[in-house]
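The values are calculated or read from the model by the stated rules, or taken from the named source; none is laboratory data. What you are looking at is a predicted structure, and each value in this text was computed from that prediction instead of being measured. So basically every Cβ, Gly included, is an ideal-geometry build from the backbone, and we count neighbours across all protein chains shown.
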Amino acid sequence: MRIKGIDVSRWQGSIDWQRAAASGVRFAMIKALQGEKPDPRFKENMEGAAKAGISAGVYVYSTAEDEQSARREAEAVLEACRGYELKYPIALDFENEHFRAMTKAARGRVIRAFMDGIEAAGRIPILYSNHDWLTRLIPRSVTKRYLVWLARWRKDEPEEPFCYCMWQCGTGKVPGIEGEVDLDWSYIDFASLTGEKRLCAKQVISGLSRVDF
């Protein structure tokens, strides 16, 4: 199973979400925060996706310096999403260059602080990063513990030494969006998992294996 999606931020400008939905887009990962600072088009994009029947998740481009600031980012995104129906996960976008100065163990602690804060609130967290970071710079214990959204731009589905349930495969044209936009596939129908039951991350992870994807 592969579900077609996109990820968007202020840089996509004003989106015609009805046209995007008509083209087959079923979910969107919408930027909520840069660190703790709101994306200027977050509210507009969340409301537009909802009206078009596109399932929404959100992401935070992390600028955390330590575990404490990572927890603040988690609290900030949970507050930003108050009142919105999230059918897809809350993602930690972990790729800022300042993280390179940290030890691998420190990176792991920062990621866990954010992800555990999201999970404790009953939401589903997911870790977004690219192949290099996920294989070299992020602890294996992290990629085993949490759901992963892989950024690796190529035509063929990549083989990785870890399980991933979402894949950002590149950029392309989507009706209703000026210019190119990031394209994604989801191997889990999160919309059916969240709904009224709002399953927590541990339930999602424990019920799935790579063969299910």
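Remarks
- GLU47 touching a residue at least 12 places away in the same chain (Cβ under 8 Å), of a type outside the set (Gly, Ala, Ser) and more than 20 Å from ASP189 (Cβ to Cβ): no
- Matching residues in the range 120-136 - criterion: being farther than 22 Å from ASP184 by Cβ and either hydroxyl-bearing (Ser, Thr, Tyr) or in a helix (DSSP H, G or I) (or both): ALA120, ARG136
- Considering the range 149-186, and only residues there that are among the basic types (Lys, Arg) and exposed (fewer than 14 other Cβ atoms within 10 Å of the Cβ), the residue that is nearest to MET29 (Cα to Cα) turns out to be LYS173.
- Failed criterion for GLU119 (all others in (1) more than 18 Å from GLU160 (Cβ to Cβ); (2) surrounded by fewer than 22 Cβ atoms within 10 Å (Cβ to Cβ); (3) modelled with pLDDT of 95 or more hold): (3)
One line per residue, one yes/no per condition, for (1) within 14 Å of ASP93 (Cβ to Cβ); (2) not charged (D, E, K, R):
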residue: SER23; (1), (2): no, yes
residue: ALA32; (1), (2): yes, yes
residue: PRO38; (1), (2): no, yes
residue: TYR61; (1), (2): yes, yes
residue: ASP66; (1), (2): no, no
residue: ARG72; (1), (2): no, no
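- Close contacts from the range 110-124, counting a first residue that is among the small types (Gly, Ala, Ser) and a second that is surrounded by 20 or more Cβ atoms within 10 Å (Cβ to Cβ), with Cβ to Cβ under 6 Å and a gap of 6+ residues or different chains, come to ALA113/ALA70; GLY117/ALA74.
- Check on ASP116, under 16 Å from the mean Cα position of the chain (by Cα) and more than 27 Å from ILE15 (Cβ to Cβ): yes
- The C-beta contact set for the range 4-32 (first residue surrounded by fewer than 23 Cβ atoms within 10 Å (Cβ to Cβ), second residue at pLDDT 95 or above and hydroxyl-bearing (Ser, Thr, Tyr), distance under 7 angstrom, 6+ apart or interchain) comprises ARG26/SER55.
- Test: residue in the range 46-67 that is in contact with a strand residue (DSSP E or B) (Cβ under 9 Å, 6 or more places away or on another chain), more than 24 Å from LEU134 (Cβ to Cβ) and surrounded by fewer than 18 Cβ atoms within 10 Å (Cβ to Cβ): yes
- Consider the range 138-195 and keep the residues that are in a strand (DSSP E or B) and hydroxyl-bearing (Ser, Thr, Tyr). The one that is farthest from VAL8 (Cα to Cα) is SER186.
- As for the range 92-100, it holds at least one residue that is within 25 Å of ARG26 (Cα to Cα), modelled with pLDDT of 95 or more and in a strand (DSSP E or B).
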